[in-house]
Amino acid sequence: MSWIKNIRTRKSSVNMAGPLSHDHREKPITTTAATEIAIPSDDPLLTYIHQNRGAFEVDKLQLDSFMLRKLKDARVHLSVPLISQGELIGLLNLGPRLSEADYSTHDRRLLNNLSTQAAPALRVAQLAHQQQVQARERERMDNELRVARVIQQTLLPKQVPTLPGWNMAAYWQPARAVSGDFYDFINFPDGKVAMIAGDVTDKGVPAALMMATTRSILRVVAEGLVAPGEVLAEANNRLCPDIPPHMFITCLYALLDPASGLVRYANAGHNPPYKCAGEEIVEMRARGMPLGLMPDMTYEEKEIVIEPGENVVIYSDGLTEAHDPQGEMFGFSRLRQVLAAPHCGEELIHCMTNALRDFTGPDWEQEDDVTFVTLERLPAYYLSKQRTLARFTLPSHPGNERDAMEMVAEAVKPLGLPPMRLERLKTAVAEATMNAMEHGNKYRFELPVEIVVGLHNHNLYVTIRDHGGGKEMDEPADPDLEAKLAGLQSPRGWGLFLIKKMVDEVNVSSDQYHHTVELVMYLNREE
Amino acid sequence: MNTIPFEAHVRIQTSISTIDLHGDINAFTDADLNQAYTEAEANSPDRILLNFSDVSYINSIGIALIVGLLTRARSSNKELAVYGLSDHYIEIFKITRLAEYMEIYPDEASALQTSN
């Protein structure tokens with residue numbers, strides 16, 4: 001600004017103009033008093049500036065120009081356009097000289113030189129500002145997504161109920177955008193278990209918050225009411241007053257009596273679950289409007305019995321609406337085919353997730369969360385041989401291996417393991433979980449580690465499953481302490497070695513999508 | 001998360017330095033642990049003791065860090081010894097063979113007694 005001082009003006013200002021665009025929208029000009037004035041993009045002064053480029057005297061120009069009039073109103077005498085890369089990006093405006101004399105040719109030459117320096121600098125400042133604004137906007141959106149995702153993940157059950165004679169499993173694969181899928185389990189004192197699945201319309205933080213509210217309301221209402229139809233009706237009435245007008249929630253509420261296999265269910269607009277008995281697939285349909293639309297609705301209630309060997313699948317739209325690379329939808333008939341097919345040798349939930357992945361291919365642009373809950377009633381001969389003690393998932397976050405340790409320790413409490421064996425098991429679980437999170441899931445928060453603790457043939461099995469499938473499994477050599485001390489080997493590499501030493505058997509397997517480590521502890525050994 | 005944050009305090013005596021360890025020994029411990037070791041080395045002690053009495057969790061990365069300390073000790077001809085390990089971690093020190101390179105004492109008194 002020293003140039004301006006030397007010319008001894010009483011008032012000067014730099015006005016910013018936005019770059020001219022081709023669509024002739026109006027562009028604002030800000031004055032030093034920070035008022036925005038909209039200048040039409042066909043203003044003759046702009047044309048003049050582009051043709052003449054140099055400083056101009058405001059009083060000497062005869063143009064029917066809104067912009068020129070504004071400059072005159074602001075008592076600008078000399079205006080120096082700042083042009084960078086052919087674009088007008090600002091004006092250096094000078095008021096009258098203190099001496100009241102005109103600006104000389106020398107002055108103008110000085111100012112024109114100044115403008116060629118100032119214009120690019122100003123351009124850079126504008127671009128930097130724009131980038132900052134964009135970055136803040138991106139960060140704000142990322143933060144919002146992150147908040148919504150955390151709300152969602154915090155509220156989804158980490159543990160699936162373990163019921164003797166039943167295999168219950170849940171699978172949740174979030175899409176990029178945060179949608180409102182949720183599922184929940186409620187254990188009642190009489191041994192019954194409620195299975196809830198729902199979907200909130202809308203995306204982002206509002207949907208996540210609505211999901212949290214719905215989940216809480218359902219839990220409170222289910223404490224007092226038993227009948228699924230009544231639970232949904234009451235929940236609906238509590239949701240209606242506060243729900244935003246464009247939002248509603250589909251919800252399935254199913255109450256299982258594990259002793260008899262009886263399932264009572266009501267449905268508020270959610271996908272009807274399927275019951276599979278061998279190749280026979282039955283749709284579990286019950287009529288009812290989604291929650292939050294209108295108060296005082298009634299919900300039809302139905303019943304069905306799950307016999308040993310039969311399954312129920314509860315699923316969200318994200319599954320049936322998933323697209324393959326050719327744009328075809330997964331659809332209901334394909335889902336029914338997968339359910340009717342003989343088990344692929346694994347649990348139903350893994351057969352389903354594999355089928356989904358085979359269908360969508362590796363580059364799937366997932367639009368909607370995919371959620372399913374499977375309920376399998378084990379055939380009679382399994383009952384005495386097999387029992388699941390716990391089943392839970394953890395996000396792949398450093399430190400979560402500690403939680404895994406404690407949850408497994410809690411699950412095996414009834415077994416009364418001697419303290420040393422328990423400590424060894426805990427260490428093995430922590431190490432296997434760390435490997436799963438780090439090497440299998442690359443510490444990606446949205447890829448969980450699934451841990452199942454079970455008893456089979458008097459042995460304790462803990463399986464730790466990650467998403468690092470499709471890779472060759474190499475068997476690393478045992479760590480060589482001398483080599484490490486001599487600096488010939490990385491000090492790391494103790495994990496797998498420790499695991500093998502802590503438990504009786506370690507079985508590692510891998511398929512296209514998953515990598516599973518199975519820790520086995522023999523229970524009939526004397527310590 | 002259940003992780004207990006790590007802290008290390010160094011006590012320097014003539015010819016022995018003791019590093020009191022608190023909390024979990026895992027990936028997050030690296031900088032602080034090595035910093036404490038540097039402090040412990042400052043007076044050129046003959047022996048450096050690691051006090052594990054307040055440590056309840058050491059994972060494989062923690063083992064790697066201890067291997068790192070042992071390497072540092074050997075390179076400057078210092079003796080590294082430990083006390084206060086739980087039975088479980090004594091077993092792990094034996095399985096990893098760290099016990100062949102570091103004396104394991106039940107407590108501070110027995111660790112210091114050997115210095116005389």
Of the criteria (1) closer than 26 Å to A:Glu475 by Cα; (2) of a type in the set (Asp, Glu); (3) touching a residue at least 40 places away in the same chain (Cβ under 8 Å); (4) touching a helix residue (DSSP H, G or I) at 6+ places or on another chain (Cβ under 7 Å), which one A:Glu450 fails:
(4)
Could you tell me which of the residues B:Ile58, B:Ile48 is more than 14 Å from every other protein chain (Cβ to nearest Cβ), surrounded by 19 or more Cβ atoms within 10 Å (Cβ to Cβ), touching a residue at least 24 places away in the same chain (Cβ under 8 Å) and not aromatic (Phe, Trp, Tyr)?
B:Ile48
Within the stretch A:37-81, how many residues turn out to be aliphatic (A, V, I, L, M), more than 18 Å from A:Ser104 (Cα to Cα) and part of a loop (DSSP other than H, G, I, E, B)?
2
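Here are some residues: B:Thr38, B:Thr18, B:Thr29. Which one is assigned to a helix (DSSP H, G or I), surrounded by 13 or more Cβ atoms within 10 Å (Cβ to Cβ) and of a type in the set (S, T, N, Q)?
B:Thr29
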Looking at the stretch A:153-209, which of the residues that are closer than 25 Å to A:Glu367 by Cβ and among the polar types (S, T, N, Q) is surrounded by the fewest Cβ atoms within 10 Å (Cβ to Cβ)?
A:Thr154
Go through the stretch A:290-319 residue by residue and tally those that are part of a loop (DSSP other than H, G, I, E, B) and either within 28 Å of the chain's Cα centre (by Cα) or over 21 Å from A:Val231 (Cα atoms) (or both).
9
Tell me whether the stretch A:303-326 contains one or more residues that are open to solvent by 20 Å² or more (accessible area, probe 1.4 Å), out of contact with any helix residue (DSSP H, G or I) (no Cβ under 8 Å at 6 or more places or on another chain) and without any contact (Cβ under 8 Å) to a residue 24 or more places away in the chain.
yes
A:Arg424 meets each of (1) under 29 Å from A:Val147 (Cβ atoms); (2) within 9 Å of chain B (Cβ to nearest Cβ) with one exception, condition (1)
Do you know which residues across the stretch A:115-130 are among the polar types (S, T, N, Q) and either open to solvent by 40 Å² or more (accessible area, probe 1.4 Å) or touching a Ser or Thr at 6+ places or on another chain (Cβ under 7 Å) (or both)?
A:Thr116, A:Gln117, A:Gln130
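Every residue, every condition in (1) in contact with a Gly (Cβ under 6 Å, 6 or more places away or on another chain); (2) more than 13 Å from every other protein chain (Cβ to nearest Cβ), yes or no:
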residue	(1), (2)
A:Lys442	no, yes
A:His458	no, yes
A:Asp478	no, no
A:Gly493	no, no
A:Val503	no, no
A:Asp511	yes, yes
Matching residues, the stretch A:254-297, being closer than 16 Å to A:Ser316 by Cα and not hydrophobic (A, V, I, L, M, F, W, C):
A:Asn267, A:Gly269, A:His270, A:Asn271, A:Pro272, A:Pro273, A:Tyr274, A:Lys275, A:Glu283, A:Arg285, A:Pro290
Would it be correct to say that A:Val429 is touching a Lys or Arg at 6+ places or on another chain (Cβ under 9 Å), under 30 Å from A:Leu163 (Cβ atoms) and open to solvent by less than 50 Å² (accessible area, probe 1.4 Å)?
no
Could you give me the residue pairs with C-beta distances under 7 Å whose first residue belongs to the stretch A:94-116 and is modelled with pLDDT of 85 or more, whose second residue is part of a helix (DSSP H, G or I) and open to solvent by less than 40 Å² (accessible area, probe 1.4 Å) wherever it lies, and which are 6+ apart or on separate chains?
A:Leu94/A:Ile4
Before we move on, is A:Pro157 more than 26 Å from A:His397 (Cβ to Cβ) and part of a loop (DSSP other than H, G, I, E, B)?
no
Failed item, numbered, when A:Ser260 is tested on (1) open to solvent by 30 Å² or more (accessible area, probe 1.4 Å); (2) in a strand (DSSP E or B); (3) small (Gly, Ala, Ser):
(2)
Across the stretch B:61-78, which residue is most open to solvent (accessible area, probe 1.4 Å) among those that are hydroxyl-bearing (Ser, Thr, Tyr) and within 10 Å of chain A (Cβ to nearest Cβ)?
B:Ser75
Given the options A:Tyr443, A:Tyr461, name the one that is on the phi > 0 side of the Ramachandran plot and either open to solvent by 50 Å² or more (accessible area, probe 1.4 Å) or not polar (S, T, N, Q) (or both).
A:Tyr443
Can we say A:Val462 is of a type in the set (Val, Ile, Thr), over 29 Å from A:Leu356 (Cα atoms) and out of contact with any Ser or Thr (no Cβ under 9 Å at 6 or more places or on another chain)?
no
Can you name every residue in the stretch B:61-80 that is in contact with a helix residue (DSSP H, G or I) (Cβ under 6 Å, 6 or more places away or on another chain) and outside any helix (DSSP H, G or I)?
B:Leu80
Within the stretch A:263-281, the count of residues that are open to solvent by 10 Å² or more (accessible area, probe 1.4 Å), part of a loop (DSSP other than H, G, I, E, B) and at negative phi comes to 4
If we scan the stretch A:381-394, do we find a residue that is open to solvent by 30 Å² or more (accessible area, probe 1.4 Å), under 28 Å from the mean Cα position of the chain (by Cα) and under 30 Å from A:Glu431 (Cβ atoms)?
yes
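The values are calculated or read from the model by the stated rules, or taken from the named source; none is laboratory data. Computed from a prediction, not measured in an experiment: that's the story for all the values here. For neighbour counting, all protein chains shown are included, and Cβ atoms are generated from backbone atoms with ideal geometry for every residue, glycine included. Keep in mind that these areas ignore ligands, DNA and RNA; they rest on the heavy atoms of the full protein, side chains included. Shrake-Rupley method; radii C 1.70, N 1.55, O 1.52, S 1.80 Å.
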